[in-house]
Amino acid sequence: MLNTNEDETMRIELQDIHKYYGPVRANNGVSLTIASGEIHGILGENGAGKSTLMKILSGFIHATKGTILIDACPVKFENPAQASLMGIGMLYQDPLDFPFLTVLDNFMLGLTDGLSVQADQFRNQLNELSASFGFQVNPDIPVQRLTIGERQQLEILRLLGLGIEVLVLDEPTTGISAVQKQLLFQALKKLAADGKSVILVSHKLEDVEALCDRVTVLRYGAVTGAMESPFDTGMLLKMMFGAPPSQPLRKAAQSGSSVLEMKQVYASGGRSGLKDCSITFRQGEMIGLAGLEGSGQGVFLRVASGMQKPALGEISLRGARIKGGAFPAFRQAGAAFLPASRLEEGLIPGLTLTEHYALQNKSSKFLIPWAQAYQQAQKCINLFRIKGQPQTFVQTLSGGNQQRLLLSFLPDKPKLLLLENPTRGLDLESAHWVWQRLCNYADRKVCIVFASSELDEILMVANRVLVFFDGSIIKDVKADETDADELGRAIAGKCD
Amino acid sequence: MPTLHFIATTMISDLNLTILFASVIAGAAPVVIAAIGETITEKAGIINLSLDGTILLSAMTAFAVAYETDSLLLGFGAAGIVGACVAGIVALFSIYLGQSQVAVGFVLTLMCRDLAYFLGNPYSRLQGPQASPLPLPFLKEIPFLGTVFCNHNLPVYLSLALIFISWQYIYRTSYGLKLRSVGENPEASFVRGINPRKIQLTYALCGGFLVGISGAVFSLAIKPGWGRPQGAEGVGWIALALVIFGGWHPIRAAAGAYFFSFLQVIGIHAQTWLPNAPAQVFQVAPFPLMIFTLVLMHLAQKEAVLNWTEEKAWLRTLIRMFSGTAPQSLGKTEISN
C-alpha cells in the first residue's frame, strides 16, 4: 500500500487509456496528469468518455489498454475498494448509496469491520467532518429523505472518512440547488487548499470556469485540448464541439387569450405541496418556473396537466372550467406534460421504440399494426435525430436521445406544454436542439411552461418567470425586467 | 346439540392460560425458525420461494437419519444441510446463471415436496426418536413465566434465542450492516469493498440451513414421525407471508408466527367446544385467518388509513410497529460486476 502521508504530494498520471465496448471506443488513447492540490476539470459533452475515464481511475471498470501511475508507480485496481485504499475516491453521477439505510449506516459501510460497530465513534467523526465543511446532515434519518445535494455531501464526507487524497466528482452540479452548489464549491476549494486533488467532471462550462485551475477537454473519447485558468470560453467551446453552437434567443411575449387559469389552488405532494396558487397563462407565453428543487414546481406542473387532483381550487383550460385530476379531459383540451424522470415516468423501460409508437397509436385494432408503427418510428428517428434504431430498447438510449423520443410523442397541435427540467442531464448540443424545437411551438402560439434548476437557462429562453418558494409563487415577473441576482434572492425566499 | 351454557363452562375449564401460552410458544418454534431463516436470506436480496417443499424434505430427512442412526443431532444436522442445499441452488442459479429466483424457487417447492413423499415412503408411520423435554432447572419454578418459557425441549429454546440473536446480528453488527447493504444496493456495496455475490450466497445458505432445521423441528419434536401428510404442509407459505408482512424484521416475523400458532392452538380447543363441526374446519381455519390478519395489517399502511389514524395515537404506534420496506434489490438477478 502506498504511504499517504500528510505532507507528501500525490501525482496521478493516466497514460494512453483505451476502453472499448465492442466496436464502441469510449476512450481512445487518453493521457493526462493531475497534480496534487489542484482542481482539475474534465470537460466534454455527454458521451465524450469523461465518466468512463473516471470510472477506470476509480477502479469501477477496467481499461482495455493503458496504465495508471501514482507518483510514477504503475498501479492496477481490481475494484473501487482498492482504489480508495490508494487514496482515490469517486462520487458517481447517480448516487451509489442506500436510500433505506440511515445516514450513519451509509457513512459506516465500508469503514467498519468485525462483529461490533462503534456507532458512537462514527457518529462523532461524521459530525466533526460535516461541521468542518458547514454541511448539515442528521445521522439518524434514512438517506431517502435527503436531497440529491445532501446525499452528495454525505458521500464526500464518507470518502474523506476513508482517507482519500483524490476526489473525483462526476457531474456533481446536476440536480442540486444554487445554495448547495455554492456549499459544494466552497468545500472543494477547501479540500484543494488542504493539498488534496479534486477532479471535476462536467459538461457545464460555467461550473468548470468558476472552480477549476486547469481543464482537459475530451471529445469522442480523446483529448482535444487543455487550458489553465483564466479560461477562454470561445476556445473551450471549440474544443468541446468543433464549432460552438449558437444560442437560442428569447422571444418577446405575445399577448393572446388565456390558456390556463388557476384560482386558489392547493395541492399536496413534494416537500412543500402547493399553496394558494392563482395564475393565468396566455397563448405564446414561455414561462420559466424557478425555485429550489421541490418548492412546488413539480406539484404545480402535475396539477396543471391533470396528472394530480388538487385539494382545493378552480382550474380553467382555454376558458372552460375543468375537473382537477381528470387527465384525459386535460389531454383533450390540449395540455401535454413531460416529466423530469424520463425512464420512470416518461418511457417504459424494456419496450423498444417501435413498441412505444405502437402504444401511442390510437387505433383500437386487436392486432398491432407493426408495419405502421415501425414506419412511424423510422420517421420520427429521422425527424427528431434520435441516435437509435426502431428495435432499440429505450433504456439503452442516452439521456439526450430519450428526451428527443419523448418530444416526438408530444401531440401535433398542443395548446399548453408543461415540461419539468426538459434539459436536465443533456449535453449542450441536445439542450440547444430541445430549445429550438420548443421555440417553434411558441411561434405557433403554444403556451410553454417549464421548470428548471438553471437560472441562466430560464433567463435565456423564458419571457416570464415565476419563482416558487415553499409551495407558493412569491415572484411573477417579465424576464426582461429582472436579473439573476433578483431571482436568486427570491429563490432563497428573500423578496423585496 | 351443545347448549351455550355447556360451551361456556368447557371453555373456562379447558382453557388453562399457562398451558395455552406454553403450547403457543412450542407450536410456533418451527415457524419462527423458518421465518427468521427466510428473513435473513431476503435481507441479502435473495427470495427463497421453496420453503414449503424444503421444510417437508428436511423433515423427512431429519426423521430418516435420526431413525437410522438413532441420533437426534445427526437428524437435525442432515435437515439443515438439505435446507442449505436447496437455498444454495436458488442462489447459484440467480447469482451465477442469472435465472429468476421466483421460477427456480417455485419449481423446487413442488419437486422437494414430491421427493419427500417418495423417498420418505419406507419411513411412514414408524415410531422413531424425538426430542425429549428439557425443563430449565430453577427457571421453570418461576410462576407462569417458568412454565410458558422454560419448560420445553431444546428446539423451542433455540427458536426463542434465535429471535434475539438474529435481531442483534442484523441491526447491531458490522456483518449485519453489510448484509443489509447488499440487499439494498449490491452495486454500492461493491464500491465499498464488499463482495455482494459472496454475501448473498453465504446468507442464502445460512437462511436455508435454518429452514432445514425448522423441518427437523416438525418431524423430531412438534409432530414427531413421518407420514403423508406430515402436518407441516402449508407452513412454508405462512412463513413466507410472515416475512413480507413482518416488514423483513425478525422480531415482527416471529410475532406473526406466535399469532399463527395461537390460532392453531385455539383451533384444537375449539374442536371440543363445537364437536358437531367437521374437524377439518379447525385444521384449515388458521391459514385463511392468518392471511386475513396479515392483509388487514398491511392495509393499515395505505395513505387513507394513515390519515384516519392521525388522531389515534395508540393505533398509529401499532401501525408503525408493523410497517417496513422490502430490501430494494430483493429478487433481482443482475449484479453488474
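A few notes on this one:
- Our analysis of region A:12-111 gives Rg over Rh at 0.99, with the two radii drawn from alpha carbon positions and Rh computed by the Kirkwood formula.
- Of all DSSP beta bridges in the protein assembly as shown, antiparallel share, percent nearest 5: 55
- Along the axis of the charge dipole computed for chain A (Cβ charges of +1 for Lys and Arg, -1 for Asp and Glu, origin at the Cα centre), the listed residues A:403, A:149, A:229 are led at the positive end by A:403.
- Relative contact order computed over chain B (Cα-Cα under 8 Å; 6+ residues apart), in percent: 33
- Under the convention that each Lys and Arg Cβ holds +1 and each Asp and Glu Cβ holds -1, the size of the dipole of chain B around its Cα centre is about 480 debye.
- Within region B:182-269: Cβ-based charge dipole about Cα centre, in debye rounded to nearest 20 (Lys, Arg +1; Asp, Glu -1): 140
- Rg and Dmax of region A:258-491, both derived from C-alpha coordinates alone, stand at 17.8, 57 Å.
- Taken over the Cα atoms of the protein assembly as shown, the convex hull encloses 229 Å³ per residue.
- Compactness relative to 2.2 N^0.38 Å, alpha carbon Rg of chain A: 1.04
- Nearest-ten-degree value, helix A:370-383 long axis tilted from longest Cα axis of chain A: 70
- For residue A:364 and residue B:299, a Förster radius of 25 Å and the Cβ-Cβ distance give a FRET efficiency of 0.10, rounded to the nearest 0.05.
- Applied to region A:469-476, the Karplus parametrisation 6.51 cos²θ - 1.76 cosθ + 1.60 on θ = phi - 60° returns per-residue 3J(HN,Hα) values of 9, 6, x, 10, 7, 9, 8, 9 Hz, with x for Gly and Pro.
- For peptides A:116-123, B:167-174, A:220-227, sequence by mean Cβ density within 10 Å, most packed first: A:220-227, B:167-174, A:116-123
- At least 24 Å along the helix axis (C-alpha) and Kyte average at least 1.6, DSSP helices within chain B: B:72-95
- Of the three principal axes defined by the Cα atoms of chain B, the extents in descending order read 68, 61, 42 Å.
- Mean separation of Cα contacts under 8 Å (6+ apart) over length of region A:258-491, as relative contact order %: 28
- Relative contact order computed over chain A (Cα-Cα under 8 Å; 6+ residues apart), in percent: 15
- In degrees, nearest ten, helix A:148-161 long axis to first principal axis of chain A (Cα): 10
- Near residue A:40, once Lys and Arg are set to +1 and Asp and Glu to -1 for all other residues with Cβ below 11 Å from its Cβ, the sum equals -2.
- Distant-in-sequence amide contacts of residue A:469, defined by a placed amide H-H separation under 5 Å and a gap of 5 or more residues or a different chain, comprise A:474.
- Qualifying GluC sites (Glu not before Pro) in region A:11-81, where qualification requires a DSSP coil assignment and no more than 13 other C-beta atoms within 10 Å, comprise A:78.
- For chain A, the longest principal axis of the alpha carbon atoms and the long axis of helix A:119-133 meet at an angle near 70°.
- Of A:445/A:478; A:19/B:43; A:204/B:198; A:190/B:332, those spanning more than 29 Å from alpha-carbon to alpha-carbon: A:19/B:43; A:204/B:198; A:190/B:332
- Put simply, when A:66-76, A:192-202, A:262-272 are sorted by average Cβ atoms within 10 angstrom per residue, most first, you get A:192-202, A:262-272, A:66-76.
- Per-residue Cβ neighbour counts within 10 Å put A:472, A:257 in the sequence A:257, A:472, beginning with the fewest.
- Ranked A:212, B:150, A:495, criterion: other C-beta atoms within 10 Å, fewest first: A:495, B:150, A:212
- Prolate/oblate/rounded label for region A:23-79 (Cα gyration tensor, a/c 1.5): oblate
- 3J(HN,Hα) couplings calculated from phi for region A:400-412 with the Karplus curve 6.51 cos²θ - 1.76 cosθ + 1.60 (θ = phi - 60°) are, in sequence order, x, 6, 5, 5, 4, 4, 4, 5, 5, 7, 4, x, 5 Hz; Gly and Pro show x.
- Remark: mean inter-chain Cβ contacts per residue of B:172-183 equal 5, using a 10 Å Cβ-Cβ cutoff to other protein chain atoms.
- Cα Rg over Rh - region B:191-337, Kirkwood: 1.05
- Where chymotrypsin sites (Phe, Trp or Tyr not before Pro) fall in DSSP loop in region A:300-372, at most 14 other Cβ within 10 Å: A:366
Read-outs throughout are calculated quantities, based only on the coordinates presented, and are distinct from any laboratory measurement. Source: prediction; values computed, not measured. Please note: Cβ atoms are built from the backbone with ideal geometry, for glycine as well, and neighbour counts cover all protein chains shown.
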